[in-house]
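K.L.:
One structure coming up, written as structure tokens, with questions to follow.
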Amino acid sequence: MSSDANITDKAILDVISWVEGDDNNVDGDSISRGIDYDKDDHGENDGVLWIISLHK
């Protein structure tokens, strides 16, 4: 992605949402669910405690 990419573009937002473990892929396999697929496990199931999104 280039530094001048429009981060409000739906395709880019969908990727960010997937990485964060969105609700659209709850029933998918471990890869398609994103990295924080279990928001309530405190890292026990997915190994992720926090996701920090940086915005410019």
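K.L.:
Could you give me the residue pairs with C-beta distances under 7 Å whose first residue belongs to the range 1-29 and is closer than 19 Å to ASP40 by Cα and surrounded by 11 or more Cβ atoms within 10 Å (Cβ to Cβ), whose second residue is at pLDDT 80 or above and aliphatic (A, V, I, L, M) wherever it lies, and which are 6+ apart or on separate chains?
P.N.:
VAL19/ILE35; GLU20/ILE51; GLY21/ILE35
K.L.:
With respect to ASP40, determine if the residue is of a type in the set (D, E, K, R) and surrounded by 12 or more Cβ atoms within 10 Å (Cβ to Cβ).
P.N.:
Details: of a type in the set (D, E, K, R): yes; surrounded by 12 or more Cβ atoms within 10 Å (Cβ to Cβ): no.
No; evaluated as a whole, the condition is false for this residue.
K.L.:
While we're here: Look at the range 1-32 and say how many of its residues are modelled with pLDDT of 85 or more and assigned to a loop (DSSP other than H, G, I, E, B).
P.N.:
So the count comes out to 1.
The values are calculated or read from the model by the stated rules, or taken from the named source; none is laboratory data. Bear in mind the structure is a predicted one, so any value in this text is a computation, not a measurement. Cβ atoms come from the backbone with ideal geometry, glycine included; neighbour counts cover every protein chain shown.
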